Structures are given as structure tokens and as C-alpha cells.
1. With springs connecting C-alpha atoms under 10 Å apart, model the chain as a Gaussian network and identify which of Gly246, Gly392, Gly404 has the largest mean-square fluctuation.
2. Lysines within cross-link reach of Lys144: Cα-Cα under 25 Å, excluding same-chain residues under 8 positions apart?
3. In what sequence do Tyr222, Tyr76 fall when counting other Cβ within 10 Å, fewest first?
4. Please enumerate, by chain and number, the aspartates and glutamates with C-alpha under 19 Å from the C-alpha of Lys143, excluding those fewer than 8 residues away in the same chain.
5. Starting from the amide H of Leu237, placed 1.01 Å from N in the peptide plane, find each other amide H under 5 Å away whose residue is 5 or more places distant or on another chain.
6. Return one number: the angle in degrees, 0 to 90 and rounded to the nearest 10, between the long axis of the Cα atoms of helix 246-255 and the longest principal axis of the Cα atoms of the chain.
7. As I understand it, the dipole of the chain uses +1 on the Cβ of Lys and Arg and -1 on the Cβ of Asp and Glu, about the Cα centre. Which of Ile202, Val363, Met284 lies farthest toward its positive end?
8. Report the one residue of Cys185, Met55, Trp342 whose Cα lies farthest in the direction of the positive end of the charge dipole of the chain (charges on C-beta: Lys and Arg +1, Asp and Glu -1; origin at the Cα centre).
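Values in this text are rule-based calculations from the coordinates and carry no lab data. Because the structure is a prediction, the values reported are computed rather than measured. Glycine also receives a Cβ, built like all others from the backbone with ideal geometry; neighbour counts cover every protein chain displayed.
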Amino acid sequence: KYERTYFMPPECTYDWVKKDHIDTPPIWCSVDLRDGNQALIEPMSLDEKLAFFQMLVEIGFKEIEVGFPAASETEYNFMRALIERNMIPDDVTVQVLTQAREHIIKKTFEAVKGAPHAVIHLYNSTSVAQREQVFKKSKEQIKKIAVDGAILLKELADQTDGNFSFEYSPESFSGTEVDYAVEVCNAVLDVWQPKASNKAIINIPSTVENAMPHVFATQVEYINKHLKYRDAVTLSLHPHNDRGCGVATAELGVLAGADRIEGTLFGNGERTGNVDIITLAMNMYSHGVDPKLEFSNIPKIRKKYETFTRMHVDPRQPYSGDLVFTAFSGSHQDAIAKGMAWREEKKLYKWSVPYLPVDPVDVGRTYDSDVIRINSQSGRGGVNYVLKQNFGISIPEKMREEVGYLVKHVSDEEHKELSPQWVYEIFEEKYVNTQ
Ligand code: KIV
Ligand code: ZN
């Protein structure tokens with residue numbers, strides 16, 4: 001139904017773009033239950049987390065970071081509940097976060113005992129600011145924290161029954177010298193000695209987004225080139241959204257060589273949030289690429305999300321917000337109405353309706369209430385569309401302008417949006433009951 005509708009200039013080479021990454025979705029990892037949850041005013045309860053996990057599974061996530069079990073009783077109990085209630089499908093991997101500290105790593109292994117497959121996600125902070133101000137340690141000392149953590153992870157995994165993989169994040173990467181971050185990641189990989197049959201994940205976070213997306217992509221390109229064991233490593237990104245560029249950062253990062261994205265639904269997460277996976281996935285979908293996540297009923301997902309997190313989705317949030325498919329203005333309404341009529345007349349399958357980036361129906365929205373809405377900015381095309389769609393009334397071409405002005409005038413006077421019923425009543429009063 002969808003294909004790319006933009007035009008590339010002639011003679012554009014884009015040498016740095018990994019062409020096979022354009023049409024292949026990355027591996028998605030939801031961090032809603034960890035990064036998303038840790039940023040909530042009121043963190044989710046055990047039952048809410050369980051229901052959220054179930055929803056993520058239904059959406060199709062195969063990798064889900066479920067928490068930081070050594071950080072709180074709720075997180076620990078949640079991990080245990082998922083395992084003891086057999087809620088983790090065989091094809092889903094749960095991931096848990098741990099700092100590189102002995103007692104925390106040990107508690108993390110206790111929490112995941114019995115999981116079918118778990119990723120133990122180790123992190124420590126590597127930025128100049130954190131090294132100097134928080135830890136007061138040298139580069140070598142910070143690298144040693146990562147390496148010691150990696151050694152302990154390997155030892156405990158060898159001693160514990162279960163199927164484990166490892167992930168390492170140089171936290172605060174965005175403030176870290178890139179060659180140093182690679183040095184630390186490679187030192188960790190030297191400990192883990194990953195194999196293509198059990199890959200390690202190296203996860204690059206823009207912990208605090210501090211650069212334009214092309215800068216991050218250039219960093220990813222460098223890392224992709226200089227990581228050791230590259231065939232045995234999944235290169236993952238974890239974009240935050242402090243400059244409002246999380247989506248662009250993720251997209252450019254994938255084109256520069258990353259294989260995997262950690263993010264959240266609706267971009268929940270610390271401060272301005274993590275990258276919004278719905279936007280990323282639907283951007284792919286609108287280019288004809290199957291993102292392998294099920295977003296055919298976003299309103300249903302949104303309702304659950306808003307209930308569990310007590311957060312609110314912005315009306316202009318791409319693909320999900322109340323107003324993102326709505327046209328109030330006359331020229332937009334006219335173009336949409338004509339585009340819809342053209343589509344019907346030509347029996348088109350490919351989507352090409354002006355002003356609508358995707359068919360609202362594909363994400364669970366309706367034409368009746370979501371697309372054409374009437375206020376004082378609206379025009380005759382919109383008014384005709386609403387009367388036809390809701391009441392089967394098709395106004396003759398010659399009358400449309402007059403009816404359009406009549407309806408606009410009422411909205412102007414009242415300073416209000418007019419419901420379809422109200423539009424009908426204005427029409428009825430003037431044209432139906434006057435005879
Ligand atoms: O944003 C971040 O750096 C993190 C790490 C723990 C991956 O959430
Ligand atoms: Zn994060």
C-alpha cells in the first residue's frame with residue numbers, strides 16, 4: 001500500500017549509508033518497563049507492569065528490558081512474577097539492567113533464575129563529566145570498572161543454570177571521547193569473547209542528547225568500524241530526546257550501521273524521553289517496509305499506556321496524537337476530500353491522499369471523527385464531506401459555497417468547533433424545515 005513519495009536529487013551517493021539497513025527493520029528492544037518506568041511520577045505497580053509486559057508481547061517485541069531488579073523490591077518481584085507465572089513466551093528475551101558492582105550483579109542473577117533466556121545488561125558511566133565530577137577516577141580506572149563487571153557476569157553466568165547473553169552500555173556516551181568508548185567496549189568484549197551463535201550487545205546511548213543527528217551517526221559509523229568481534233556483536237542504540245531529535249538520531253544511526261534500537265512507546269523515558277518506537281516503526285511502514293511490530297490499533301495501545309503510566313499523549317504526537325490526522329482548514333479539507341474520492345473512483349490500493357502521511361484506518365483511526373473537523377477555518381469541501389459521510393447528504397456543487405459560508409459563520413460567532421450533528425442542524429434549519 002505504501003512506497004516512498006519523496007525524490008532524491010540526481011548524483012546523490014550517500015556513501016556512508018548501509019543500503020541494506022534502509023529496508024530492514026532493526027531489532028527492537030522496549031525499555032518501557034525500565035527507562036520509561038524510572039521516569040514516571042508514580043512508577044507502575046506490579047500488576048500494571050505485568051499488564052504492560054503482556055501488551056508489549058502482543059505488539060510483537062521480542063526483546064524487553066523489564067527492569068533493574070537490584071534497584072527495588074517491585075522490580076525484583078516483577079521479574080520473579082514473570083518467571084514464576086510463565087508469562088515469558090519462548091521467543092521473547094527479557095533483559096535486566098545492572099550496575100558494575102558485585103552485590104548488584106549477584107542480586108540480578110538471583111532475580112533472573114529460571115528465565116528461559118535473559119540478557120544481563122551491564123553499564124557504567126564513561127563521560128568526562130562523570131569521570132571527573134562524580135567518580136573522580138581516571139580513564140583506566142573507569143575501564144577497569146567495566147572489565148571487572150564483565151568478568152563477574154561471565155563467571156556467574158557460567159555457574160548459573162540458564163541461557164544468558166550479555167549487553168554492555170558505556171552510559172553517558174554522548175559526553176565520552178568516541179575512541180575511548182570503543183576502547184572500553186572492546187575491553188569488555190575481550191572478556192566475553194562473543195560468538196556468532198551467542199552474540200553480545202554493545203549499546204550506545206545518547207544518554208543526554210547533545211548533538212545534531214549527523215554527529216551521532218558519524219560516531220556510530222566509527223564504532224561500527226572499530227568494534228572487535230563485529231560479526232559476533234549486535235550494535236544497539238539507545239537514543240534519548242533532549243534536543244527533540246531522538247527519532248532522527250535513531251534513523252541515521254541505523255543507516256550508519258546499527259542493528260538494534262532501544263526505545264519506548266510514545267517516547268516515555270527520562271526527561272524528554274527515550275526515542276518513540278511507534279514513530280520509528282510507522283515511519284518504516286509508511287515507506288512500505290514491514291516494521292514487524294503491530295500498530296494497527298494505536299488508540300487501544302494508547303489507552304492502556306495512559307492508564308498504566310498516568311502519562312498523556314500529546315495531541316500532535318506523530319501517528320498517535322488526537323489531531324495528527326485532522327484537517328480544519330478549507331484547502332486541506334478540500335484536497336483530502338478530493339483525494340479520497342479519487343481513491344474510491346480509481347479503486348487505488350497505493351496510498352496517495354494529500355495531507356495524510358498514512359491511511360488513518362491502518363493505525364485504528366476513523367475517517368468520520370478523526371480527519372475532517374469543522375470550525376471557522378473550514379470550507380465548503382469539508383462541510384460537504386461531513387454531511388455526506390455522516391448523513392448521506394450530498395450538497396449540489398452550486399450550493400456548496402453558500403452552505404460552507406453559513407456553517408463557517410456559526411463557528412466564527414460561537415468560537416467553537418462544530419460537531420457533525422451541529423453542522424447538520426444548521427443545514428437542516430435553513431434548507432430542510434423552511435418549506
Ligand atoms: O540512557 C542511558 O544511558 C541508559 C543506560 C543505562 C543504557 O539508560
Ligand atoms: Zn536511557
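1. Gly392
2. Within reach: Lys106, Lys107, Lys136, Lys154, Lys195, Lys199, Lys225, Lys228.
3. Values: Tyr222 16, Tyr76 19.
Ordered from fewest to most neighbouring Cβ atoms within 10 Å, Tyr222, Tyr76 come out as Tyr222, Tyr76.
4. Glu102, Glu132, Glu155, Glu167, Glu171, Glu177, Asp179, Glu183, Asp190
5. Sorted by chain and number, the residues that satisfy this are Ile204, Arg260, Ile261, Glu262.
6. 70
7. Projecting each Cα onto the dipole axis, the largest value belongs to Ile202.
8. Selected residue: Cys185.
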